[in-house]
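For reference, the structure is listed below as structure tokens.
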Amino acid sequence: MTAIAKEKKKEAVSLDYSTKEGIEIYRHSASHIMAEAVKELFPDARLAIGPAIEDGFYYDFDVERPFTPEDLEKIEKRMQEIIKRNASFVREEISKKDAIKLFESKGEVYKVELINELNDETITIYRQGSFVDLCRGPHVLSTGKIKAFKLLSTAGAYWRGSEKNKMLQRIYGTSFLTKEELDNYLKKLEEIKRRDHRRLGKELDLFSINEDAGGGLILWHPKGAVIRKTIEDFWRNEHYKNGYELVYSPHMARLDVWRTSGHWDFYRENMYSPMTVEDVEYEIKPMNCPFHIMIYKSHRRSYRELPIKFAELGTVYRYERSGVLHGLMRVRGFTQDDAHIFCRPDQLEDEILKILDFTLYMLMTFGFSEYDIYLSTRPEKYVGSLENWEKATNALKFALENKGLKYEIDPGEGVFYGPKIDLKIKDVLGRAWQCTTIQVDFNLPERFDVTYTAEDNKPHQAIMIHRALMGSLERFFGVLIEHYAGAFPVWLSPVQAVIMTITDSQIEYAEGIVEMLKREGIRAESDFRGEKIGFKIREAQLMKAPYMLIIGDKEVKAGAIAVRTRKGEDLGQIKAEAFLEKIKKEIEEKVA
RNA sequence: GCUGGCGUAGCUCAGUCGGUAGAGCAUCUGAUUUGUAAUCAGACGGUCGGGGGUUCGAUUCCCUUCGCCAGCUCCA
């Protein structure tokens with residue numbers, strides 16, 4: 001039992017707030033102080049809930065009109081006063097009946113609703129000054145303990161998160177033990193804005209979304225496309241090395257295919273309306289699996305052939321509600337780095353282990369070493385037998401444990417046809433983006449009758465593993481942009497070197513250098529404009545080009561180039577060949 | 001989808017308490033030939049997101065519609 005758990009029995013706690021549990025208590029107390037301030041300023045506000053969250057806290061209120069930024073300032077000021085009053089947090093235990101009476105008398109209908117759902121006969125409440133709130137606690141000793149806080153934003157939020165309920169007004173805030181920590185956090189928020197892939201995507205001319213085309217549909221500009229191509233080439237090569245075969249499949253198919261697969265019954269909310277072609281209904285694909293199954297089934301397969309691994313950069317379309325679209329991270333049309341592995345039962349675990357190794361290798365190459373792993377289990381809407389679900393889930397669990405990877409269970413978050421392992425990459429926002437997914441599926445093979453001929457010369461049902469390592473190229477690209485703040489490693493940089501002349505008299509020499517680099521496969525660009533070198537450097541710097549090759553009379557005379565990096569380092573005069581060797585090596589080794 | 005906020009030149013933004021708009025950057029033209037993050041000058045560029053209403057007059061006020069942004073997961 002932790003110290004905090006023990007302290008929960010007491011009225012309020014004095015403890016080390018720098019622990020994870022400690023800071024939660026601290027922030028939860030800050031949320032009570034905010035609620036008190038709101039009640040003092042807006043007596044008609046009804047309290048909902050107000051927990052501590054990842055980087056702060058919030059409290060939901062039912063109020064007549066939404067809070068304005070000016071309201072937040074007033075609330076902040078009032079919170080300062082409440083902190084100055086230094087009222088103690090006092091814990092009380094009262095009977096359920098008294099609790100209901102208490103909150104009814106205050107008109108706190110949401111609190112009454114919550115109490116009614118509690119099974120305990122004794123309810124705990126916390127008071128500070130004249131403010132009282134239904135709360136399990138614990139809290140800090142007194143309001144004066146809160147040293148640094150800030151209210152950040154307001155937003156609508158449904159009561160209990162359901163859009164069928166009334167929308168309440170939520171105030172987000174954060175608090176830290178010291179002003180310094182708070183300032184650091186606010187700085188981090190600025191940094192997050194600076195790295196936003198939507199902003200960088202525009203600034204670096206990587207991609208755009210055009211409202212005439214539609215939301216959630218990505219236009220890849222040349223510079224973004226080069227990066228994508230580089231990723232794809234790497235991906236294809238690695239897949240061939242790992243025993244995959246590449247395939248291509250169409251973007252639509254007859255609706256009956258999706259009926260057979262179960263998508264039409266279990267995944268329809270993510271699918272677009274069918275279109276009718278010569279009286280037959282067709283559907284744009286939300287997944288690639290049925291096509292890979294068809295390729296598998298195009299002829300009979302022997303147990304000797306397995307595992308068969310079909311991989312495809314397959315573009316799929318899924319309906320997402322307009323409000324959830326977000327740059328490259330959440331889109332309606334995206335390309336999965338998809339693959340389906342058809343195997344025998346005895347091969348299943350080994351194949352999952354191979355995929356895990358492959359995944360970690362791929363992610364590492366792109367500079368990601370931090371991720372959270374989840375094992376998602378059977379959802380409410382599912383196909384197949386419970387027995388199959390259990391087999392599949394156990395296979396995934398076994399593989400994770402065998403690898404010694406830490407994971408959490410995500411109950412009910414599996415796909416309708418099978419459980420899955422998800423790897424979530426953490427971006428600078430601290431948000432974890434689901435990229436990798438590995439799904440074991442006994443069900444589609446059954447629905448499509450996917451078999452192989454075994455040693456007994458009889459058909460046996462194959463098992464399928466669906467997997468995407470980067471997830472979708474769009475989302476992965478978004479995470480990459482934020483991860484590198486647009487300054488991609490050389491191998492991914494759309495422009496790897498900008499060659500710039502000091503004056504017109506070096507153009508001929510510089511052209512030779514550019515040509516040589518291009519011939520060697522370097523993405524070199526020239527800037528021979530009649531501008532000052534500082535101006536050219538500034539532009540290349542803003543485009544985050546890793547190398548700037550400056551050529552003046554001195555370099556022409558020496559038969560060399562002056563190399564500057566985007567970090568501002570001056571590598572001095574070197575021979576073009578030496579530079580070529582250096583940059584080639586960096587590209588080859590994918591140096592970050 | 002819901003709630004709120006926002007929508008002015010290619011971009012970033014200012015402005016108009018109702019009298020049809022302005023800056024910087026970008027683009028184009030010219031001059032400048034320059035040594036490590038912005039040379040100078042000129043020109044071009046907008047029916048102020050779309051539609052409707054009020055008004056002598058709307059970019060400004062009202063309604064509606066579209067788009068974008070934030071939140072809607074964290075359960076006393």
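Within 10 Å of each candidate Cβ there may be at most 12 other Cβ atoms; applying that plus a DSSP loop requirement, which trypsin sites (Lys or Arg not before Pro) in the stretch A:223-280 survive?
Working: sites: A:LYS223, A:ARG228, A:LYS229, A:ARG236, A:LYS241, A:ARG254, A:ARG259, A:ARG268; in loops: none.
The qualifying sites: there are none.
Average projected area of the Cα convex hull of chain A, in nm²? It would help to have the intermediate numbers written out before the result.
Values: hull surface 140.6 nm².
Taking a quarter of the hull surface, the average projection is 35.2 nm².
Of the lysine pairs in the stretch A:273-394, how many meet both conditions: Cα atoms under 26 Å apart, and a spacing of 8 or more in sequence or different chains?
10
What does the C-alpha gyration tensor say about the overall shape of the stretch A:104-165? Classify as rounded when a/c is under 1.5, otherwise prolate if a/b is larger than b/c, or oblate. Let's see the in-between values first.
Details: a/c = 2.10, a/b = 1.14, b/c = 1.84.
Cα axes put the stretch A:104-165 in the oblate bin.
For A:LYS84, project a label point 7 Å along Cα to C-beta. Then give me every residue of the stretch A:141-160 with its amide nitrogen under 16 Å of that point.
What the label zone holds, given the 16 Å backbone N cut-off, is A:143-149.
Per residue of the stretch A:191-207, what does 6.51 cos²θ - 1.76 cosθ + 1.60 with θ = phi - 60° give for ³J(HN,Hα)? Whole Hz please, x for Gly and Pro, Karplus curve as stated.
The phi angles translate into 4, 4, 5, 4, 8, 3, 5, 6, 5, 5, x, 6, 4, 8, 6, 9, 7 Hz.
Let me make sure I get this right: for the stretch A:345-455, a, b and c are the square roots of the gyration tensor eigenvalues over alpha carbons, sorted descending. Under 1.5 in a/c it's rounded, otherwise prolate if a/b > b/c, else oblate. Which is it? Present the calculation step by step, with values, prior to reporting the outcome.
Values: a/c = 2.20, a/b = 1.54, b/c = 1.43.
In terms of gyration-tensor shape, prolate.
Could you work out the pair-distance distribution P(r) of the stretch A:84-131 from its alpha-carbon pairs, with 10 angstrom bin width and percents rounded to whole numbers?
Histogramming the stretch A:84-131 at 10 Å steps yields 26, 51, 19, 3 percent.
Going through the stretch A:60-148, which GluC sites (Glu not before Pro) have at most 16 other Cβ atoms within 10 Å and a DSSP loop state? The partial results should precede the final answer.
Details: sites: A:GLU64, A:GLU70, A:GLU73, A:GLU76, A:GLU81, A:GLU92, A:GLU93, A:GLU104, A:GLU108, A:GLU113, A:GLU117, A:GLU121; in loops: A:GLU64, A:GLU108, A:GLU121.
Hits after loop and neighbour filter: A:GLU64, A:GLU121.
Could you line up A:LEU396, A:LEU353 from fewest to most neighbouring Cβ atoms inside 10 Å? Show your work: numbers first, answer last.
On the way: A:LEU396 26, A:LEU353 15.
Fewest to most other Cβ atoms nearby, the residues stand as A:LEU353, A:LEU396.
Please list 3J(HN,Hα) in residue order for the stretch A:458-474, calculated via the Karplus relation 6.51 cos²θ - 1.76 cosθ + 1.60 where θ = phi - 60°; whole Hz, with x for glycine and proline.
Calculated HN-Hα couplings, in order: 10, x, 10, 6, 7, 9, 10, 10, 9, 7, 9, 8, 7, x, 10, 4, 5 Hz.
Return the ratio Rg/(2.2 N^0.38 Å) for the stretch A:208-311, where Rg is computed over Cα atoms only. Write out the running numbers ahead of the final one.
On the way: Rg = 17.4 Å, N = 104, 2.2 N^0.38 = 12.8 Å.
Normalised Rg, Cα atoms only: 1.36.
Dividing the alpha-carbon Rg of the stretch A:146-299 by 2.2 N^0.38 Å yields what? Before the final figure, lay out the partial values.
Values: Rg = 23.7 Å, N = 154, 2.2 N^0.38 = 14.9 Å.
After normalising by residue count via 2.2 N^0.38 Å, the value is 1.59.
Report the Stokes-Einstein translational diffusion coefficient (µm² s⁻¹, integer) for the stretch A:134-207, Rh taken as the Kirkwood radius over Cα pairs, at 10 °C with viscosity 1.306 mPa s. Walk me through the numbers before you get to the answer.
Details: Rh = 15.8 Å.
D, rounded to a whole number, is 100 µm²/s.
Would you list A:THR393, A:THR436 from fewest to most Cβ contacts within 10 Å? All intermediate terms of the calculation are to be shown ahead of the outcome.
Working: A:THR393 20, A:THR436 27.
Ranking A:THR393, A:THR436 by Cβ neighbours within 10 Å, fewest first, gives A:THR393, A:THR436.
Can you work out ³J(HN,Hα) from phi for every residue in the stretch A:549-564, in order, using Karplus 6.51 cos²θ - 1.76 cosθ + 1.60 and θ = phi - 60°, giving whole Hz and x for Gly and Pro?
For the stretch A:549-564, the Karplus-derived couplings read 10, 9, 10, x, 4, 4, 5, 4, 4, 7, x, 9, 9, 9, 9, 10 Hz, x marking Gly and Pro.
With no solvent and one equal point scatterer placed on each C-alpha of the stretch A:305-365, evaluate the Debye formula and give log10 I(q)/I(0) for q = 0.28 Å⁻¹, two decimals.
Values, matching the q order: -1.11.
Could you order the peptides A:441-453, A:406-418 from most to least packed, using the average number of other C-beta atoms within 10 Å per residue? Could the numbers behind the result be given before it?
Working: A:441-453: 20.1, A:406-418: 17.2.
So the peptides A:441-453, A:406-418, ranked by packing, come out A:441-453, A:406-418.
Using a 10 Å cut-off around each Cβ, can you sort A:LYS39, A:LYS147, A:LYS575, A:LYS567 from fewest to most neighbouring Cβ atoms?
In order of increasing Cβ crowding within 10 Å: A:LYS567, A:LYS575, A:LYS147, A:LYS39.
Pick out, in residue order, every one of the chymotrypsin sites (Phe, Trp or Tyr not before Pro) in the stretch A:240-270 that is DSSP loop and has at most 13 other C-beta atoms within 10 Å; say none if there are none.
Working: sites: A:TYR240, A:TYR244, A:TYR248, A:TRP258, A:TRP264, A:PHE266, A:TYR267; in loops: A:TYR244, A:TYR248, A:TYR267.
Sites meeting the loop and neighbour criteria: A:TYR248.
Restricting to DSSP H runs of at least four residues, report the calculated mean residue ellipticity at 222 nm for chain A, -39500 (n - 2.57) per run over all residues, nearest 500 deg cm²/dmol. Display every interim value, and only then the final one.
Numbers: 19 runs with 222 residues, N = 592.
Here the helix-only value at 222 nm equals -11500 deg cm²/dmol.
State whether the stretch A:25-70 is rounded, prolate or oblate according to the following rule on the C-alpha gyration tensor (a ≥ b ≥ c being the square roots of its eigenvalues): a/c under 1.5 gives rounded; otherwise a/b larger than b/c gives prolate, and the remaining case gives oblate.
Working: a/c = 2.00, a/b = 1.77, b/c = 1.13.
Cα axes put the stretch A:25-70 in the prolate bin.
What ranking do A:535-546, A:307-318 get when scored by the average of other Cβ atoms within 10 Å per residue, highest first? Don't jump to the answer; show the numbers that get you there.
Numbers: A:535-546: 18.2, A:307-318: 20.7.
Answer by packing, highest mean first, reads A:307-318, A:535-546.
What Rg and what Dmax come out for the stretch A:26-143 when only alpha-carbon atoms are used, in angstroms?
13.9, 42
Need one number: nm distance between label points at A:GLU93 and A:ILE192, each 7 Å from Cα along Cα→Cβ, rounded to one decimal.
Here the modelled spin labels are 3.9 nm apart.
Using amide H atoms built in the peptide plane, which far-off residues or other-chain residues are under 5 Å from A:GLU281 H to H?
When sequence neighbours closer than 5 places are left aside, the close amide H contacts are A:LEU255.
What are the lysines whose alpha-carbon lies under 16 Å from the alpha-carbon of A:LYS150, with same-chain residues fewer than 8 places away excluded?
Partners found: A:LYS74, A:LYS77, A:LYS84, A:LYS179, A:LYS187, A:LYS188.
The numbers here are math on the coordinates, done by the rules we state, and not lab data. Computed from a predicted structure; not experimentally measured. All Cβ positions, glycine included, derive from the backbone under ideal geometry; neighbour counts span all protein chains shown.
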